[in-house]
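Enquirer: A single structure is presented below for examination.
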Amino acid sequence: MKILILLKPILDPRGMMINRKAGKVFINKKEWMMNPGDARALETALRIKNTLNGDAVVIAAAVGEEASLNLLRDSKALGVDRAILIKADAPTARLYSALVNHLGDIDLILTGGSALDTGENIGAQIAEPLNFAFVGGAVKCDIENNAVHVVKSQGKEFHGYECELPAVVTFSREAPSLRYAHGGDIIIAYRDKNAVETMSADELGLTDLQPSIVERGQTTPPEREFGKQVSLEEIATAIK
Amino acid sequence: MDFDLPPEYNALRKMIREFCVEEIAPIAHKIDETGIVERDLLRRLGALGFLGVPFPREYGGMGAGEIGYCIMMEEMDRVSASVATIIGAHIGIGVMSMYLDGSKSLKAKYMPDLCSGKKVCAFALTEPNAGSDAAGIQLRATLEGDSYMLDGQKMWITNGPIADVINVLAITDPALGARGGATVFAVESQWEGFSTGKPERKMGLHGSPTSLLNFDNVRVPKENVIGQIGLGFVTFMKTLDIGRVSLGAATLGGAQASLEASVRWARTRSQFGKQIAHNQSIQFMLADMAAEIESLRALVYRTAWLVDGGRPFIKEAGMCKLLGSEIASRCIDRAVQIHGALGLSRDFPMERGFRDARISEIFEGTNEIQRIVIASELMQEVGVRLRP
Amino acid sequence: MDMYNLEALMGDTTSSEDYRDLWIVDLSAETLHATSLLNEARRMADSLGAYVHYIGAMDSSQAIACGADRVHPLSVDSADAAVSALASFFETHKPEFVFFTASYYANEIANRLAGKMNSGAITDCISLRLDESTREIVALHPVYDGAYYLDSAITTKPQIFTVREGVYPEAMKDKGRSGEVEGAIHESPLHDAPSTADRVRALGKVEFESAATPLRKAAKVIAVGRKGNDEASVGVAREIAQKIGAAFAGDRSAFDAGWVDHDHIVGVIGIEIAPDVYIAAGIWGDTLHRAGVEGAKYVIAIHPDKRAPIFQYADACIVGEPKEVLPKVMRLL
């Protein structure tokens, strides 16, 4: 079983100060973290690998520079078999699709349901061009009899789905959170020059790296208005 | 010249901080109130390498050296001084004494279980009559055939009530006394004749169990001698020297917590129509804290770097402990003042920090001893021998 | 790899001039959302000189009255069927702009469609600004759980957006408008690829226990205080907590009254919380309390005294006794 995990670094919101009055976002501390959905995907991949008793190969991939490199090192410390850094400016569906074709025989692609910093759902975007089945919003994901079993929430209930391979599964933030890595494994992964493989877009046969979506600006929500008198109905609606 | 630590240390700190903030900070208050650190927590810490940070992988450690160890102690003390103390005594002086001078077979026998958290270690030097005057110890180890019979008492031993392996200094040759006639032994708590007193009731570090140790003719096989017979005092002094660096790191963590809380409170609390951060008296306190912490940070990590690089570090280690303990005490004192009445509430972390900080100027070599150590190193550089 | 995939990788060779019109895709169960979106699409289409198409299950005369020129009925029962149907339909009717009514379901479909068509999708938009000269829409959408907003644009065609409910005002209907109803869109297999609808099978409801969330991480918290509460109303507050999936807590006075234990006191001397929704019933809300709930995104306060400090940092206020208000709220849930 060959599993590919797509990871994305995002700016840690704990280092941000949102000033609604000025309408600006200030980065006090520029620190990176793993997109929470991607971290859930990685945790599930490690659990699947454990259940399949080594009959699974887990490959982690990310696009970019140092922040992405560090995520890949972290994933190596946690036990993924291969970590690949694609040197390009932006993670696009085309780039990841090309990677999948380059790697060959990928059975399962796991990633977060959306990137916290842009709202993009790269997992959903790559499913169709690759002709992979797709299930999104997983809170649980297992492999059983060469098929994927996914549990996702539907309103207040949970529903199960069985999905043929090859498939893309994206994860909600209710899925189990990522385990801690052993400190010694972190040291080893970061010191090992060969822990992470690098690949260029050229090697994947891709020349068009333009992302479809471009950011034109940032604004903040309006300032909160305190002291507003409301009706009981408005409260009931707000808390449901 | 590069003052940045290599990326592996930042990644390590990130993991450690996350564990400390998510798993330990929420229960720190409870640990202080109940005086209990669950064995399960120690097991979980061990599983991630926290209980053997500086030791090589081959012994079950993290392989992160003194720098990694200081990072861990700083982050841990920042959330719970009690847990930091358990770990510090376990790694920094407990297992460390075995690591520095123990035989390969002894290390292979005990270290994996100690580093994984299956077993806890303690360092037993102090006795009722021997504190700063460590050479005044009286615990006897008498050779009887293939083993030594240990008889006597140790006092104020951190981890005493929970330790599985106790590395203890005993007099093997009364004629020579501690210097030249003392030996370190690795004693297992379940051996006959060994018992512990009730846990001491202390001002602070309520979660860090401390007790009397009773050795009533405990039979210790000679394989369990650490280092050389008669040279135990040297082993223990070496251990204490290196233990000071990570203790400095722990006090740094505590001071850091005081500063962070104080900055936050200065922003949150308003009196006379403005945030108290606008009062110069508060500003001066915060500035003093920040400056002291910055200097301590530079000192601690540079000293850890000296240790990892195999360079001399005894003087600097003494400075880490001396300055660290005094800076942390001043910082928490200011923090309590800044928080006003809230700083005295038992339901708010400052009060616990205040109680927990005091011990640092006393244990692991009082600050008076540290000053003697530093002065000895200074005078040695110019040919004057001070230390006995 | 088969040719099907390579083509997707090599990029569409259609030029951007071939893409035209504004297309509303409505997968929602009610019509309020889509009708207001149709109105907005009509406004944009008029300035661009383009047609508005409605794809969905709404009554066609209503769709036309709200601004559609063409109605294409679509009714599907699975995400795979929706993607399949829309993808093959849009292959021939190259859309310039596609607006979905946003929902978790539609967001996924929009993204899958974007991937299929080698373009991009921006989901949960709260505003769309059309630049007629460049024919580009700049969309405002929330990120970091709504902490701030991004202005983004899609540089390829089709430009696909999902738009949140309530962004546009209630639709105005013009019964005099005319339009055409086209044939229904069906799910159809694409090229020689098997239908993905066969590949995902629903297994029905399952039992699942998500990991327990500690109070400090709860997304919804309801906390009680002494003022205007009694045993009965505290019981109602607990019921509300149960009903909406919120954590139950209290302030210092609630602890003193024995309604919460020490681990469920909210405030600086207690647990600090930062939920999405915080309901404070009978809590005075002094600065020590405020500091403990600073991170709450939306604060609802119920207190009998209009001078209570809590009203200074509550988004929604009711001056009243919790023992009267809470049962009424419970009935509305």
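Quick note: the coordinates plus some simple rules give every number you see, no bench work behind them. Note that the structure is a prediction, hence the values are computed from the model and not measured. A quick note on method: Cβ atoms are made from the backbone with ideal geometry, for glycine too, and the neighbour counts reach across all protein chains shown.
Enquirer: Region B:57-126: which GluC sites (Glu not before Pro) are DSSP loop and have at most 15 other beta-carbon atoms within 10 angstrom?
Expert: Of the GluC sites (Glu not before Pro), not one in the loops of region B:57-126 has a Cβ with at most 15 other Cβ atoms within 10 Å.
Enquirer: Please give me, ordered by residue number, the GluC sites (Glu not before Pro) of region B:144-206 that lie in loop per DSSP and have at most 11 other Cβ atoms within 10 Å.
Expert: B:E192
Enquirer: Counting each DSSP H run of 4 or more residues in chain C as -39500 (n - 2.57), what helix-only mean residue ellipticity at 222 nm follows after dividing by all residues, to the nearest 500 deg cm²/dmol?
Expert: -8500 deg cm²/dmol
Enquirer: Give me a single rounded figure for A:129-139: the average over its residues of other chain Cβ atoms within 10 Å of their Cβ.
Expert: 6
Enquirer: Counting helices only, and only those DSSP H runs with n ≥ 4, report the 222 nm mean residue ellipticity of chain A as the sum of -39,500 (n - 2.57) divided by its residues, in deg cm²/dmol to the nearest 500.
Expert: Rounded to the nearest 500, the figure is -8500 deg cm²/dmol.
Enquirer: With labels modelled as points extended 7 Å from the Cα through the Cβ direction, what inter-label distance (nm, one decimal) is found for B:E144 paired with A:E225?
Expert: Label-label distance for B:E144 and A:E225, simple model: 8.7 nm.
Enquirer: So, one more: For n ≥ 4 DSSP H runs only, could you compute -39500 (n - 2.57) per run for chain B, divide by its residues and tell me the 222 nm figure to the nearest 500?
Expert: So the calculated ellipticity at 222 nm is -16000 deg cm²/dmol.
Enquirer: Moving on to the next point. Using the 10 angstrom Cβ neighbour count as an exposure proxy, how do A:C141, C:C317 rank, fewest first?
Expert: C:C317, A:C141
Enquirer: Related question: Would you calculate the separation in nanometres between label points at B:K202 and A:N28, each defined as 7 Å from the Cα along the Cα-to-beta-carbon direction?
Expert: Between B:K202 and A:N28, the label points sit 3.4 nm apart.
Enquirer: Please compute one quarter of the surface area of the Cα convex hull for region A:41-174 and express it in square nanometres.
Expert: 8.1
Enquirer: Next up: Under 10 °C and 1.306 mPa s, how fast does chain B diffuse according to Stokes-Einstein, given a Kirkwood radius computed over C-alpha pairs? Answer in µm²/s, whole number.
Expert: It diffuses with D of about 74 µm²/s by this estimate.
Enquirer: Ranked highest first by average number of other Cβ atoms within 10 Å, how do B:349-357, C:232-240 line up?
Expert: B:349-357, C:232-240
Enquirer: If the cut-off is 25 Å between C-alpha atoms, which lysines fall inside it for B:K315, apart from same-chain ones fewer than 8 positions away?
Expert: Straight-distance partners of B:K315: B:K238.
Enquirer: Using packing as a proxy for protection, rank B:219-230, C:24-35 so that the peptide with the highest average count of other Cβ atoms within 10 Å comes first.
Expert: Top of the packing list down: C:24-35, B:219-230.
Enquirer: I've got another one for you. Can you spot the lysines whose alpha carbon is less than 21 Å from A:K24's alpha carbon? Ignore those fewer than 8 places along the same chain.
Expert: C:K297
Enquirer: Just counting partner chain Cβ atoms within 10 Å, what average do the residues of peptide B:284-297 show around their Cβ?
Expert: Averaged over the peptide's residues, the number is 0.
Enquirer: Hey, what's the Kirkwood Rh for region B:297-370 if you take every pair of different alpha carbons, in angstrom?
Expert: 13.6
Enquirer: Over all distinct alpha-carbon pairs, what is the Kirkwood Rh of chain A in angstrom?
Expert: 19.3
Enquirer: Express the C-alpha Rg of the protein assembly as shown as a ratio against the empirical globular expectation 2.2 N^0.38 Å, rounded to two decimals.
Expert: With N residues counted in the protein assembly as shown, Rg over 2.2 N^0.38 Å equals 1.09.
Enquirer: Work through the residues other than A:N146 whose Cβ is under 15 Å from its Cβ and net out their charges, Lys, Arg +1 and Asp, Glu -1.
Expert: Taking every Cβ under 15 Å from that of A:N146, the sum is -4.
Enquirer: Provide the FRET efficiency to the nearest 0.05 for the A:E203-C:D77 pair, computing r from the beta carbons and using R0 = 45 Å.
Expert: After rounding, the FRET efficiency stands at 0.60.
Enquirer: Ok, one more. Would you please state which residues of region C:242-264 a label at C:L332 would reach in this model, taking the label point 7 Å out along Cα→Cβ and a backbone N cut-off of under 15 Å?
Expert: From region C:242-264, the list is C:244.
Enquirer: Another question, then. Any chance you could give the angle, 0 to 90 degrees and rounded to 10, that helix B:7-19 forms with the longest Cα principal axis of chain B?
Expert: On a 0 to 90 degree scale, this one is about 80.
Enquirer: Next question, about the same structure. What does the charge add up to near A:R14, with Lys and Arg as +1, Asp and Glu as -1, over the other residues with Cβ less than 9 Å from its Cβ?
Expert: Result for the local shell: -1.
Enquirer: Moving on. For peptide A:156-165, what's the mean number of Cβ atoms from other chains within 10 Å of each residue's Cβ?
Expert: Mean number of neighbouring Cβ atoms from other chains: 5.
Enquirer: Looking only at region A:148-177, which residues have a backbone nitrogen under 14 Å from a spot 7 Å from the Cα of C:L203 in the C-beta direction?
Expert: A:148-153, A:158-165
Enquirer: How compact is region A:1-91 by the rule of thumb for globular proteins, expressed as Cα Rg over 2.2 N^0.38 Å?
Expert: Rounded to two decimals, the normalised Rg is 1.29.
Enquirer: Next question. Test of understanding: what is the full-extension gain from B:K30 to B:E368, defined as 0.36 nm times their sequence separation minus their Cα-Cα distance?
Expert: 118.3 nm
Enquirer: How many angstrom lie between the C-alpha centres of region C:255-333 and region A:29-68?
Expert: Here the answer is 39 Å between Cα centres.
Enquirer: A further question follows. Once all Cα-Cα distances of region B:234-381 are split into 10 Å bins that start at 0, what whole-number percent is in each one?
Expert: Reading upward from the zero bin: 12, 37, 28, 16, 6, 1, 0.
Enquirer: Check each of the trypsin sites (Lys or Arg not before Pro) in region A:5-77 and keep only those in coil by DSSP with at most 11 other C-beta atoms within 10 angstrom; list them in order.
Expert: A:K21, A:K29, A:K30
Enquirer: Assuming 1.567 mPa s and 4 °C, estimate D for region A:135-191 with Stokes-Einstein, Rh taken as the Kirkwood radius over Cα pairs, in µm²/s.
Expert: 98
Enquirer: Right, another one. Run the simple label-point estimate for B:V234 and A:D81 please: 7 Å along Cα→C-beta, distance reported in nm.
Expert: My value for the distance between the label points is 5.3 nm.
Enquirer: Kindly flag which residue pairs out of A:K76/B:K119; B:K118/C:K217; B:K104/B:K222; C:K243/C:K323; A:K240/C:K217 have an alpha-carbon separation exceeding 22 Å in this structure.
Expert: Pairs exceeding 22 Å: A:K76/B:K119; B:K118/C:K217.
Enquirer: Then there is this: Give me the number: length gained by fully extending A:E66 to A:D117, i.e. 0.36 nm times residue separation minus the C-alpha to C-alpha distance, one decimal in nm.
Expert: Extending this stretch completely gives an extra 16.6 nm.
Enquirer: Find out how many positive minus negative residues lie around A:L108, taking Lys and Arg as positive, Asp and Glu as negative, among other residues whose Cβ is under 15 Å from that of A:L108.
Expert: So the surrounding residues net to -3.
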